[in-house]
């Protein structure tokens with residue numbers, strides 16, 4: 001007898017809105033990481049400690065989601081563009097054998113993969 005999952009998917013796909021949210025999180029990643037590094041050495045009150053913990057968790061989840069991208073080229077594109085903060089032009093030049101629109105499509109696929117992982121992590 002086959003399992004009937006009904007309307008629920010085992011690994012639900014992210015909606016277009018969730019993909020946009022993931023892109024926003026990736027765009028803010030470097031800023032969040034800098035804030036965490038700066039705040040880690042400070043004497044923080046309770047509210048600041050909670051904020052720091054939320055940022056640390058967000059950073060860990062984003063890094064995990066990026067590591068879960070299966071295609072190494074796509075993972076590298078996301079790392080260059082969002083984790084290292086390289087400009088789009090630099091990413092296109094780095095993958096110069098690919099047409100720029102192919103690079104754009106692969107970056108979108110990477111963002112969608114991150115969104116799917118974050119959805120699995122309950123974001």
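Nothing in this text is a laboratory measurement; each read-out follows from the coordinates by a stated rule. All of these numbers come straight from a predicted model, not from anything done at the bench. Don't worry about glycine lacking a Cβ; one is built from the backbone with ideal geometry, like all the others, and counts go over all protein chains shown.
Taking other C-beta atoms within 10 angstrom as a stand-in for reagent exposure, 121, 95, 11 fall in the order 11, 121, 95, fewest first. Highest GNM mean-square fluctuation among 47, 33, 84, for the chain modelled with Cα contacts below 10 Å: 47.
Pick from 97, 25, 80: which residue has the top mean-square fluctuation in a GNM of the chain where Cα pairs under 10 Å get a spring? Highest fluctuation among the options: 97. Given in Å, the Rg to one decimal and the Dmax to the nearest whole number for the Cα atoms of the range 13-123 are 15.2, 51. Here the simple spin-label model places points 7 Å from the Cα toward Cβ, and for residue 67 and residue 90 these points are separated by 2.4 nm.
Taking 64, 13, 101 as the candidate residues, the one with maximal mean-square fluctuation in a Gaussian network model of the chain, Cα springs under 10 Å, is 101. According to the Kirkwood relation over distinct C-alpha pairs, the hydrodynamic radius of the range 75-114 is 9.8 Å. Between residue 60 and residue 105, the distance separating the two model label sites (each 7 Å from Cα on the Cα→Cβ line) works out to 3.7 nm. Under the criterion of Cα pairs below 8 Å and six or more residues apart, the relative contact order for the chain equals 40 percent.
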